[in-house]
Structures are given as structure tokens and as C-alpha cells.
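Below is one structure, written out as C-alpha cells; the observations come after it.
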Amino acid sequence: MTQTNRSSTSPLTPVLTKRWLSPKSWTLRTYEQLEGYTAVRKALAAHPDQLIELVKAAGLRGRGGAGFPSGVKWSFMPKEPVKPHYLVINADEGEPGTCKDIPLMMADPHSLIEGCIIASYAMRANHCMIYVRGEALHPIRRLNNAVREAYQAGYLGKNILNSGFDLDIVVHAGAGAYICGEETALLDSLEGKRGQPRLKPPFPAAAGLYACPTTVNNVETIASVPYIVNGGADWFRTMGTEKSPGPKIYSISGHVERPGQYEAPLGTTLRQLLELAGGMKDGIPLKFWTPGGSSTPLFTAEHLDVPLDFEGAAEAGSMLGTTAVMVFNETVSVPWAVMKWTKFYAHESCGKCTPCREGTYWLAQVLERMVEGRGTEEDIETLLDVCDNIFGRSFCALGDGAVSSITSGIKYFREEFLALCRKNAGEQDKPESALVGAAR
Ligand SMILES: Cc1cc2nc3c(=O)[nH]c(=O)nc-3n(C[C@H](O)[C@H](O)[C@H](O)COP(=O)(O)O)c2cc1C
Ligand code: SF4
């Protein structure tokens, strides 16, 4: 993990990662020594609606991918509990390239727990579930320990800090499927069913977990809340951009000298992130990259100065997603990388709707034969046609995400796809770029 005070928009003292390098940062003791559990005292002295207004004023937007305004989402919960209310934390972190929530839970689990208490109080929820990717055993153990410490210290359970507010947190090991990160599939999975997206409406705030009012939020979203309570909305807005305020953890992987988690304000560019990450590995030039995981359309070296906030990424033709910045140098074949991602989506498609279930399967088949040198030029149009039949026609956003790398890959690197097919038509050898990819 590396922290930075560099920004195109405002200076930043590390916020979300400020404790990560402290000795035993994950313990209650360290957390309390470094301002931990001070925000919850303020929050419990306030009216729940004041907290919702504060989060709205801060402009916090969901860090799970879609960027929905968190305060607005919280305000959808009923004010008077008729049924139990639930806060569900999405710690599934399945998007390829995304690796920010697990380090956060490993290094600073109490910041998430404190955020859960404040958010639950604001939404009149007395139950909170943290749904963690099932394979992530170490973070699950660490969170369980932190929850135990918080109960012992009186931050969880009955009558928290004599406020009259009760909260129980359950850490739930997930079912190990990418689709279980989609919020309604996650709720089905929590209920013990097979994880498949639900039809919306009803939205979770009306009928979520066990058909009760529920809010699903990402780990990083909720871990940001104690800082907003302590620092205030204006302070939070000194970081990032007008419509995308606040700090963000960018996960940088691939062909850079120092891959890792880099905290920087929203709106930071890849050029700046690369500087922090020590530049391109071995000086080999950048070829393509994802701004927010494999579900977000690819960018190229042309996009080095795109501000990586929700608006900037979208205006340049992609999405901010989870700020999983995967960086690829010139040795990597685009069709090969796109094939690998597409196989992932074909494997992870839950099968509920036909465009995604059938389409991702066929996309993977066509891409595989192209990369193996058995494709034809018509295959490119077939790929685009199948993508067109998935995009906007699938039941959930997995379908849209599955075609992102294909359509953007062909948009920027059509010649590379064509070259694979031409080789097939006229020459014996496989293209060098495909072999480089295949050898990885
Ligand atoms: C296929 C798929 C996988 C997803 N995986 C995750 C995930 O692992 N973690 C996450 O927070 N959100 C994930 N999301 C987004 C959630 O559905 C939801 O928008 C998010 O948890 C809301 O939290 P936020 O408002 O704090 O961002 C996924 C969405 C889709 C369509
Ligand atoms: S888009 Fe894919 S993952 Fe989503 S419901 Fe349809 S088949 Fe399932």
C-alpha cells in the first residue's frame, strides 16, 4: 500500500489508508489510539436523519462500481421501522483486478465496523451482515476478531455507549461466485438460496433481505463514513471533484514497477498513478488498461490524462467501476486478454437470462478460435453482433460488463483482431502477439 498527497484536484492527507502502516493496525487498541470510535460517539448523539443529510451533503458515492449517491440510497429506507431493517455490506470483491476491500478489511477492519454502526443507526437498522467472498478466509477471521473486540468494548450489542441503540453484526462467508456480488443475488445467497439476481422493483430498500427494508453498500463506501462524520461534508469535498468528491483507493496491477493500493483523490489520472507506481515495468510502453476492472471498457495510451472520477471516465467512453486499474504493456495481445476475460464471464454467467447465458458462451468460443488462429474476418462482425444482443438486453449488469472489453478492444485494436484472421487465411505461423499472450 502506498499513500500519496499528489492530486490534480486537491492535496490529500491519507484518509482511508492512514492507519494501514501502523503496528497491529487491525486491533481495537491501535484503532482507538488513532481516533477510532470517535465518530460513532458524535453520530449516536445526532438524529439519524441528520446523518443521512450529512452523507448527502458530502456527496459520497458508492464505491462498489455504480457510484450511486449513498445518502440518497439511505434516504429510501422507511423512517419508521415496521419490519426489521438490514444493512448489508458487500465484501464479495469479485471484479477481476479489484483488490481494495480485502486489504482494507485486513488492515483496518474497525473502520468498517464503525461505519456499519453509524450507517445502521442512520437507517434504523439493528442488524448488519458483512458478506465476504468465501475464499477470503484470512479477512473473514480478522473481521470476526474485530467484531468480537467491538462487542467486548460495548460498540456492538445492546444499548451501544448508553445511546439506547442496539446493533448486531454477522460476518457471513459468501458462496464463491462472481454474481453473488450483484446486490440482489447477494441477498438471495445470504438467505441460503442459489445466488441469482432478483427482478427490480421491488428495490432492496422496500423488500430486500427476508423481504425487509435493506441497504446494500460496498466496504469502501461504509468505511468512508466515520471520516465524514468527524471531518464534515465540506472537508470531504476538498478532495476529488465536484460531482465525485472524496478519497479513493486505486488498485494498480499488471505491468507497473510497484503494483499495489494507492489512495488518491477521485479525479487522479493514470499518468499520475503510474508515477506513483514507479512507471511502466522495465520501461516497456503502455498498450491498454482498464480504469475499473474487466467490466469497464478498455482505455489506451491516448487516455493517460483522463480524470478518473465517475464523470471523467464516462465522458471518455468507459466507466470508473471499482478503480481496478489493470495495466498492460506492448507485449500483450489484446484478443488474448479479451478472450481470457470473456471466458471468465462465460463461466460466471448465472444462466438466468438467455442473452448472457448463451451469448457469453458463444463469445468465448469465437474468441478462442480466433486466438488459436482458426478465426475468419467475419468473426469480428459476429462478435460485435453477439455483443449487441447482450448489451442492454440482459437481466443484470454482468451481461453489459461481459461485452465491454470486446467492443472496446475491437474499437481500438481492430487491426490486431484482423491480423489474427489474415494469418489464418494465408500463413502458417500464429501471430507473434497471440503467442506472447498464449504463453502467459
Ligand atoms: C456482476 C456484478 C458483481 C458485483 N460485484 C460487486 C462486489 O463484489 N462488490 C460490490 O461492492 N459491488 C458489487 N457489485 C455492485 C452491487 O450490485 C451494488 O451496486 C453495490 O454493492 C452497492 O454498493 P455501493 O452503493 O456502496 O457501491 C456487483 C454488480 C454486478 C452486476
Ligand atoms: S446477465 Fe448473466 S449473470 Fe445476469 S441474470 Fe442474466 S445470465 Fe445471470
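As a test, work out the antiparallel percent of DSSP beta bridges whose residues both lie in region 28-236, rounded to the nearest 5.
Around 10 percent antiparallel, to the nearest 5.
Nearest-5 percent of antiparallel DSSP beta bridges in the chain? Don't skip to the answer; put the middle values down first.
Details: 16 of 39 bridges.
Here the share of antiparallel DSSP bridges comes out near 40 percent.
Could you provide, to the nearest whole Å², the per residue accessible area of region 185-249 with probe 1.4 Å? Intermediate values should be presented prior to the final figure.
Details: 2310 Å² over 65 residues.
Spelled out: the 1.4 Å probe surface of region 185-249, per residue, equals 36 Å².
Arrange the residues 47, 347 by how much accessible surface each exposes, largest first, with a 1.4 angstrom probe. Before the final figure, lay out the partial values.
On the way: 47 95, 347 145 Å².
Correct descending sequence by accessible area is 347, 47.
I need the Kirkwood Rh of region 292-419: take the reciprocal of the average 1/r across all distinct C-alpha pairs and report it in angstrom. Working shown, then result.
Values: mean 1/r = 0.0675 Å⁻¹.
For region 292-419, inverting the mean 1/r across all distinct Cα pairs yields 14.8 Å.
Residue 58: net charge of surrounding residues, Cβ under 9 Å, Lys/Arg +1, Asp/Glu -1, itself excluded?
Working: positive: 56, 237; negative: 234.
Net of charged neighbours comes to +1.
Leaving ligands, DNA and RNA out of it, rank 348, 381 by accessible area with a 1.4 Å probe, largest first. Before the final figure, lay out the partial values.
Working: 348 35, 381 95 Å².
Result, largest first: 381, 348.
Working with all protein chains in place, sort 68, 344 by solvent-accessible area computed with a 1.4 Å probe, largest first. List each step's numbers first, then the result.
Values: 68 90, 344 55 Å².
Largest to smallest exposure gives the sequence 68, 344.
What figure in square angstrom, to the nearest 10, would you give for the accessible area of residue 239 with a 1.4 Å probe?
10 Å²
Counting only the heavy atoms of the protein chains, how much of residue 42 is accessible to a 1.4 Å probe, in Å² to the nearest 10?
110 Å²
How much of the DSSP bridge set in region 247-329 is antiparallel, in percent, rounded to the nearest 5? Don't jump to the answer; show the numbers that get you there.
Working: 13 of 17 bridges.
Roughly 75 percent of the beta bridges in region 247-329 run antiparallel, per DSSP.
Need one number: the % of Cα-Cα pairs in region 38-87 sitting beyond the 14 Å mark. Please list the in-between numbers first.
On the way: 727 of 1225 pairs.
Counting every Cα pair in region 38-87, those more than 14 Å apart make up 59 percent.
Would you mind checking the radius of gyration and Dmax of region 65-114 based on alpha-carbon positions, in Å?
Over region 65-114's Cα set, Rg and Dmax evaluate to 14.1, 41 Å.
Compute the projected area of the convex hull of the Cα atoms of region 247-329, averaged over all viewing directions, and report it in nm² to one decimal place. Write down the numbers at each step before the final one.
On the way: hull surface 17.0 nm².
Across all orientations, region 247-329 yields a mean hull projection of 4.3 nm².
What's the center-to-center distance, using Cα atoms, between region 162-199 and region 68-119 in Å?
Centre-to-centre (Cα) distance: 11 Å.
Would you mind classifying region 122-268 by shape? Square roots of the alpha carbon gyration tensor eigenvalues, ordered a ≥ b ≥ c; an a/c under 1.5 is rounded, otherwise it is prolate if a/b is larger than b/c and oblate if not.
Rounded shape, in that the Cα axes give a/c under 1.5.
Students often forget the sequence filter, so: which lysines lie under 23 Å Cα-Cα from residue 42 once same-chain residues fewer than 8 apart are removed?
Result set, ordered by chain and number: 18, 56, 73, 79, 158.
In a GNM of the chain with a 10 Å cut-off on Cα contacts, which of 345, 178, 210 has the highest mean-square fluctuation?
Top of the fluctuation ranking is 210.
What translational diffusion coefficient, to the nearest whole µm²/s, does the chain have by Stokes-Einstein, given a Kirkwood radius computed over alpha-carbon pairs, a temperature of 4 °C and 1.567 mPa s viscosity? Before the final figure, lay out each step's value.
Details: Rh = 22.5 Å.
Roughly 58 µm²/s, to the nearest whole number.
For residue 333, which sequence-distant residues (separation of 5 or more, or a different chain) have an amide H within less than 5 Å of its own amide H, given hydrogens modelled in the peptide plane?
Residues meeting the amide H criterion: 437.
What's the carbon and sulfur percent of region 211-353's accessible surface, probe 1.4 angstrom, rounded to a whole number? Each step should come with its number before you reach the end.
Working: 2320 of 4260 Å².
The nonpolar share, carbon plus sulfur, comes to 55 percent.
Take region 162-222, compute every pairwise Cα distance, and split them into 10 Å bins from 0; I just need the percent in each bin.
21, 50, 23, 6, 0
On the principal axes of its Cα set, how long, how wide and how thick is region 28-236? Give whole Å, largest value first.
Principal axes ranked by extent give 40, 36, 32 Å for the Cα atoms.
The values are calculated or read from the model by the stated rules, or taken from the named source; none is laboratory data. Quantities reported herein were computed from a predicted structural model and do not represent experimental measurements. Positions of Cβ are backbone-derived with ideal geometry, glycine not excepted, and every protein chain shown enters the neighbour counts. Just so you know, the surface numbers come from the protein's heavy atoms only, side chains and all, with ligands and any DNA or RNA stripped out. Shrake-Rupley method; radii C 1.70, N 1.55, O 1.52, S 1.80 Å.
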